[in-house]
Amino acid sequence: MFFVIIRGPAGVGKSSIARELENELRANYISFDEVMSKHHLDMIEGDGISTDNFIKANNLILEEAKKNLKKGNIVIFDGCFYREGQLNHLLENLPFKNYIFTLKAPIEICFKRNNSRSRIMSEQAIKEVHSLVSKKDFGKIIDTTGKSKKEVVKEIIGIINERSN
């Protein structure tokens, strides 16, 4: 079995796309935003949330993810993943096939999408996260500009199917 990491800046459409992907693949969904918030690990220090706090969040979800993967279930992770240490820790501790997708969109689109959310982030926070995520690309890059979530999900599933053959 495999897991999928959907990463990118705030407002790019990660959660909407990950949720749609969850439905299409009948997968288990894990939101790092929810884990971080629930366990008070989303404290911003200096240039964002610390790698240590992201790794604490990883440790909170690892057993559930391993259990699901061992049962043959697909797991979808949704998060910014702007700390390479968090991503490496997750990959090292989940020895299963995986697919990483970095979603991208111009900052103006992220601002616009952010304004339609139930929990709106400040423009400064959007800029900072966009900058941090954009420093390093991982996996397959997908530009979400001008695409519906269904189009992006179809593209992701196509890539997964192509690479699993």
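Every read-out reported here was derived from the displayed coordinates using simple, explicitly stated rules and does not represent laboratory data. No experiment lies behind these values; they were computed from the predicted model shown.
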> For region 2-37 and region 50-88, what is the separation of their Cα centres, given in Å?
Replying inline: 11 Å
> With all pairs of different alpha carbon atoms counted, what Kirkwood hydrodynamic radius in Å does the chain show?
Replying inline: 16.0 Å
> For the chain, what are the DSSP H helices with axial Cα length of 18 Å or more and mean Kyte-Doolittle hydropathy of at least -0.5?
Replying inline: 149-164
> What is the gain in length, in nm to one decimal, between residue 60 and residue 164 on full extension, counting 0.36 nm per residue of separation less the C-alpha to C-alpha distance?
Replying inline: 34.6 nm
